[in-house]
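The values are calculated or read from the model by the stated rules, or taken from the named source; none is laboratory data. These numbers come from a predicted model, not from an experiment. Backbone-built Cβ (ideal geometry, glycine too); neighbour counts: all protein chains shown.
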Amino acid sequence: MKKEIYKKIKENDIIILARHIGADPDALGSTIGLREIIKETFPKKQVYTIGTSSTKFKWLGQIDKVDESIFKDALLIVCDTPDLKRIDGISNVNDFKDVIKIDHHPEIDEFGSVRWVDDTKSSVCQMIIELTYDTKLKMTKYAAERLFIGLVSDTNRFLFYYTTADTMRLVSKLIDDTKIDFTSLYDDLYRRPLSEIRLQGYMYQNLIVTENGLGYIKLTDEIIRSFEVDPASSGNLVNNFNNIDEVLVWITFSEDIKQGIIRVNARSRGPIINKVLERHNGGGHKFSSGAKIKTFDEMQDIVKELDELCAEYKKSLK
């Protein structure tokens, strides 16, 4: 599979790299990192990353502005995106000469002449590191920094279950080969404004916990504005709730007035939650999922379904 991807990259002079909407460090790191790797290997190729720029993660690198007229002559590589509707900046993959899909989520939509989908991988950044080392692509220090950040973010500093011995070996090789200063990279990833820390405190104080082990919080636009943060901030904080004894599944519901949606971010340390979120315009990994719903009325449905899931899981342990 990796050799097929390398062959496609080698054969095409114009390459577009895309990822999911609401990009996180894995989506940004994998596309920006792969862009730099391809440019280092094939300096004459036109290589671009597209999608909405992220203010929060702008330090990861620049997003390109591209004339859509080149799509018909370009190879599209879609990273970290299981379904067509969540590709940022692309209305139709058929507008491209060819398409490759590289992803570590459970597959939803099958698209692309080459598909490398493996939900046992920690991150797409890990997959790009593997792709580079297993082909004739050339790693750069700049790319290595972006790939390291994406991998660390998606594994929550190697805490999640899909961190494997292969993950650790690849990271060790990456650091040894490129001499990246990973401690300074942590500063950019984990530094938070005081407003977000105060929001985190509010979330701890107001988290509702059911007797079955579901923790959830509703953040209205009024609450979010009172802390002078954006609606994505609470979603970025969701991993901070993973060490509460009484909580098996925790979920945030954040109102986004501008987009007319409620952002849903869920995590689990036992019950498999992605199927529940798939029923509500979302999905993801077994223990890490998200969704976008229209009203807080639907929030009650998700809470009910996840609470029942927690109850079933606790029974299965007896």
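Overview of values
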{"item": "Any chance I77 is assigned by TED's automatic domain parsing to the domain that holds T163 and touching a Gly at 6+ places or on another chain (Cβ under 9 Å)", "result": "yes"}
{"item": "From T41, T81, T31, residue being in contact with a Cys (Cβ under 6 Å, 6 or more places away or on another chain), buried (at least 17 other Cβ atoms within 10 Å of the Cβ) and either among the hydroxyl-bearing types (S, T, Y) or modelled with pLDDT under 95 (or both)", "result": "T31"}
{"item": "Within segment 80-182, helices (runs of 4 or more DSSP H) holding 2 or more residues that are more than 21 Å from L28 (Cβ to Cβ)", "result": "165-178"}
{"item": "Criterion: more than 18 Å from the chain's Cα centre (by Cα), within 22 Å of Q62 (Cβ to Cβ) and not hydroxyl-bearing (S, T, Y) - qualifying residue of K141, K136", "result": "K141"}
{"item": "Tally, over segment 162-191, of residues that are under 24 Å from S233 (Cα atoms), surrounded by 14 or more Cβ atoms within 10 Å (Cβ to Cβ) and touching a residue at least 40 places away in the same chain (Cβ under 8 Å)", "result": "2"}
{"item": "Filtered residues of segment 247-306 (kept if at pLDDT below 90 and over 17 Å from the mean Cα position of the chain (by Cα))", "result": "K258, Q259"}
{"item": "Segment 192-221, residues that are assigned to a strand (DSSP E or B) and either surrounded by 19 or more Cβ atoms within 10 Å (Cβ to Cβ) or in contact (Cβ under 8 Å) with a residue 12 or more places away in the chain (or both)", "result": "V209, L214, G215, Y216, I217, K218, L219"}
{"item": "Condition check for S233: touching a Pro at 6+ places or on another chain (Cβ under 6 Å), closer than 16 Å to Y202 by Cβ and outside the structural domain of D154 (by TED's automatic domain parsing)", "result": "no"}
{"item": "Residue under evaluation F241, criteria (1) under 21 Å from Y190 (Cα atoms); (2) in contact with a Ser or Thr (Cβ under 6 Å, 6 or more places away or on another chain); (3) buried (at least 16 other Cβ atoms within 10 Å of the Cβ), criterion not met", "result": "(2)"}
{"item": "Verdict on T183 being at pLDDT below 95, of a type in the set (V, I, T) and under 19 Å from A23 (Cβ atoms)", "result": "no"}
{"item": "Verdict on D67 being touching a Ser or Thr at 6+ places or on another chain (Cβ under 8 Å), more than 26 Å from N281 (Cα to Cα) and not assigned by TED's automatic domain parsing to the domain that holds N281", "result": "no"}
{"item": "Among the candidates G283, G290, residue that is at negative phi and either assigned by TED's automatic domain parsing to the domain that holds G215 or basic (K, R) (or both)", "result": "G290"}
{"item": "All positions within segment 47-62 that are touching a strand residue (DSSP E or B) at 6+ places or on another chain (Cβ under 8 Å), hydrophobic (A, V, I, L, M, F, W, C) and either farther than 23 Å from Y6 by Cα or buried (at least 22 other Cβ atoms within 10 Å of the Cβ) (or both)", "result": "V47"}
